[in-house]
2 protein chains.
Amino acid sequence: MNRVLRAADALPASLAAAFMLIVVSVLPASAQQALPSWNETGAKSRIRDFVKATVTEGGEAYVAPVDRIAVFDNDGTLWCEQPFYIQFAFMLDRVKTLAPQHPEWKTKEPFKSILDGDLKAIAKGGEMGFVELGMATHAGMTTDQFNQIASDWFAAARHPKTGKLYTDMTYLPMRELLDYLRANGFATYIVSGGGVEFMRPVTEKLYGIPPQQVVGSTIATQYAIVGDVPVLNRLPKVDFVDDGPGKPVGINKFIGRKPIFVAGNSDGDYEMLRWTTAATKPGFAMIVHHTDGDREYAYDRQSPVGKLDKALDEAERRNWLVVDMKNDWRKVFAFER
Amino acid sequence: MNRVLRAADALPASLAAAFMLIVVSVLPASAQQALPSWNETGAKSRIRDFVKATVTEGGEAYVAPVDRIAVFDNDGTLWCEQPFYIQFAFMLDRVKTLAPQHPEWKTKEPFKSILDGDLKAIAKGGEMGFVELGMATHAGMTTDQFNQIASDWFAAARHPKTGKLYTDMTYLPMRELLDYLRANGFATYIVSGGGVEFMRPVTEKLYGIPPQQVVGSTIATQYAIVGDVPVLNRLPKVDFVDDGPGKPVGINKFIGRKPIFVAGNSDGDYEMLRWTTAATKPGFAMIVHHTDGDREYAYDRQSPVGKLDKALDEAERRNWLVVDMKNDWRKVFAFER
């Protein structure tokens, strides 16, 4: 270790703190300390066993750090998606904010139902109504402006059941899992059907995942000069839908490497689960199964949001870990006592 | 430093090598040792001054490591783009390889001219002919298959003037610049008009840039199950053109953060240069000016490939560094004696 010690001594004082952080992050997270909000069940063991095998040099299942890519769905996997997607709540609030500039919305669906507070009627607009809602609330500004709009909304908007900020509605065990994987050399990515620019303002703070590691649905943008300043305008046009079969497409497009770890919770993640576990390298897949109606919500096959049916049917056959939130998680949210 | 030393002692032996690498990479590259293939001219000083200011904690121009994003054009900025784009050479070779399966190409442009070896006639096909050429040579296989095709081609294809492998046609001073920026905490990205899946198989080896840090033009892909195996099929359809005004769009889409350092060489980089230097954070922009007809090629305003006109006109006014290859670079290619 002599050369290491000399190198450490040679460090300018200003770098000492950064150096310490790096030393700590190099040390593999102890299997005993990791994942404290997970109960000592089979789910936790399987995750630990996979990670241990992956990082054991010389072992059959060893994977070089550069290939340790882990991808996570967001809605229902990292944060709560009930009673509706968080981004849908954002859309509803945006419609109310923008309504004074759109008198025509008083008689036009789906805007009329939103302004009337009749959420059930919104579905009547069908898919086209939903796309129109998305464009009306997500386009027509620059990327910098939208970033600010989303950031401001997250700073104040609250979940209708818990009254907590939406940014508090993340699953503590999953955040621990992200930390655990990173401590073991994994790069962690979000691969979500949600809008990439809706998530990016908060993912670093919530999950330790920087903007460039967020893959999601995108809206078309266009370069323009305003005054003498270049901007990107958000156009009312869908560019890419990162859901279902779009998820492997998105992973390939943005990351360009097959992940070896994938976590999802719905049939929207099915293709991503298939693709990751079919890789030539060892692939680990897990499904967060929402079984806890007391601490969170209980739903799967019949749920309009986060429907989990086909992926649940095939999980055992394909060796996908199904995490039972009620039994496998000691805590769901950090704010629980 | 006591805690650092204890941490070092506690490291398992297997981690010692990794630890050493990290210690070394934390140390800022000495300004004296960095960029050895750059002459001691103003260009080198300006780059060094910018980097020093960026990493100096407490300084006015300090930028946190998380925001140290550097983006590089590829063709003509990191590797040679004359007498034609390297990806164009790939297309020509692909046409010859695939010709036996396409008897109709004997009479159809631009394929006929390629098979006849009449490169000048290819341009007659115009833009549509070029798109058709791209699709015929880049689509119709899975992503894994294309990766292999590109890798095999790079292993053997040689530059028509130097006789060197195309993978040897990278600019040594630019590779040193990538290393220097990374040693100072920058994340380095390619943002190229080239096909992302054409570049990704070689960027890590050539530049130390992993696949997930390569932004480029993309072809549409589609998820499919073949037998019981999921694949992504490459479709004959352009998904995204990462050139000109598409470059800021691509940076925003893939990286989601404004870079603070940008390097390009042609008007195809103009918008990316504008966008980076208009950021609120200090932005550094440089243009590689091809002035050396002996060691490489001399071209700018009139060149059909890599035309540099508007960006050159505005460089001084916008404080963009223009690197004069002939005077600022001691060496262009590593293979030079």
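Every number in this text was worked out from the coordinates using simple rules, so none of it is lab data. Not measured: the values here are computed from a predicted model. All Cβ positions, glycine included, derive from the backbone under ideal geometry; neighbour counts span all protein chains shown.
Please list, ordered by chain and number, the residues whose modelled amide H lies under 5 Å from the amide H of residue B:330; skip anything fewer than 5 residues away on the same chain.
Amide H neighbours of residue B:330: B:38, B:39.
Give the order of A:205, B:253 when sorted by the count of other beta carbons within 10 angstrom, beginning with the fewest.
Ascending number of Cβ neighbours within 10 Å: A:205, B:253.
Using θ = phi - 60° and the Karplus form 6.51 cos²θ - 1.76 cosθ + 1.60, what ³J(HN,Hα) does each residue of segment B:105-119 get, whole Hz, x for Gly and Pro?
Values per residue, Gly and Pro as x: 5, 4, 10, 10, 7, x, 5, 4, 5, 5, 5, 7, x, 9, 5 Hz.
Filter the trypsin sites (Lys or Arg not before Pro) in segment A:86-141 down to the DSSP loop ones having no more than 16 other Cβ atoms within 10 Å, then list what survives.
Here the trypsin sites (Lys or Arg not before Pro) that fit, given the DSSP loop and packing criteria, are A:108.
Considering only DSSP beta bridges where both residues belong to the protein assembly as shown, give the percentage that are antiparallel (nearest 5).
Close to 40 percent.
How big is the dipole moment of segment A:163-274 about its Cα centre under a simple scheme where the beta carbon of each Lys and Arg is +1, that of each Asp and Glu is -1, and everything else is neutral? Debye, nearest 20, please.
For segment A:163-274, the charge dipole is close to 180 debye.
Tell me the angle of helix A:196-207 to the major Cα principal axis of chain A, expressed in degrees between 0 and 90 and rounded to the nearest ten.
40
Distances in nm, one decimal, shortest first, from residue A:318 to the same residue in every other copy, taking the label point 7 angstrom along Cα→Cβ.
Result, one decimal in nm: 4.7.
Can you bin every Cα-Cα distance in segment B:237-311 into 10 Å intervals starting at zero and give me the percent of pairs per bin, rounded to whole numbers?
For segment B:237-311, the pair-distance distribution reads 19, 44, 27, 9, 0.
With +1 on the Cβ of every Lys and Arg and -1 on the Cβ of every Asp and Glu, and nothing else charged, how large is the dipole of the protein assembly as shown about its Cα centre, in debye rounded to the nearest 20?
780
By count of other Cβ within 10 Å, fewest leading, how are B:243, A:179 ordered?
A:179, B:243
Let me test this: with uniform point scatterers at the alpha carbons of the protein assembly as shown, what is the Debye-based log₁₀ I(q)/I(0) at q = 0.06, 0.08, 0.10, 0.11 1/Å?
Reported log10 I(q)/I(0), two decimals: -0.37, -0.67, -1.06, -1.27.
Can you tell which of B:73, B:309, B:267 shows the greatest fluctuation in a Gaussian network model of chain B with Cα springs below 10 Å?
Fluctuation is largest for B:309.
Once fully extended, how much extra length lies between residue B:281 and residue B:335, figured as 0.36 nm per residue of separation less the alpha-carbon to alpha-carbon distance?
Taking 0.36 nm per residue and subtracting the Cα distance, the gain is 15.7 nm.
What is the distance in Å between the Cα centres of segment B:293-337 and segment B:91-149?
Using only Cα atoms to place each centre, the spacing works out to 30 Å.
Under the √(5λ) rule applied to the eigenvalues of the Cα gyration tensor, what semi-axes describe the equivalent ellipsoid of segment A:86-156? Give them in Å, descending.
For segment A:86-156, the semi-axes come out at 21, 12, 12 Å.
Rounded to whole Å, give me the distance from the Cα center of segment B:184-203 to that of segment A:184-229.
18
So how strong a dipole does segment A:86-156 carry about its Cα centre when Lys and Arg Cβ are +1 and Asp and Glu Cβ are -1, to the nearest 20 debye?
200
For a bin width of 20 Å, list the pair-distance distribution of chain A built from all Cα-Cα distances, rounded to whole %.
28, 54, 17, 1
Would you order B:142, A:203 from fewest to most other beta-carbon atoms within 10 Å of each residue's own beta-carbon?
Least to most surrounded, the residues fall as B:142, A:203.
Using r as the Cβ-Cβ distance of residue B:302 and residue A:237, and R0 as 56 Å, what FRET efficiency do you calculate, to the nearest 0.05?
Given R0 = 56 Å and the Cβ-Cβ separation, E is 0.95.
Report, by chain and number, residues whose modeled amide H sits under 5 Å from the one on residue B:142, excluding near sequence neighbours (fewer than 5 apart, same chain).
Those lying under 5 Å, H to H, from residue B:142 are B:234.
Listed highest first by mean packing, meaning other Cβ atoms within 10 Å per residue, what order do B:159-165, A:255-261 come in?
A:255-261, B:159-165
Multiplying the sequence separation of residue B:118 and residue B:318 by 0.36 nm and subtracting their Cα-Cα distance, what value in nm do you get?
Once the chain is fully extended between residue B:118 and residue B:318, it gains 67.8 nm.
Shortest first and in nm with one decimal, please list how far the residue A:235 label point sits from its counterparts in the other copies (point 7 Å along Cα→Cβ).
Residue A:235 label point versus its equivalents elsewhere: 1.8 nm.
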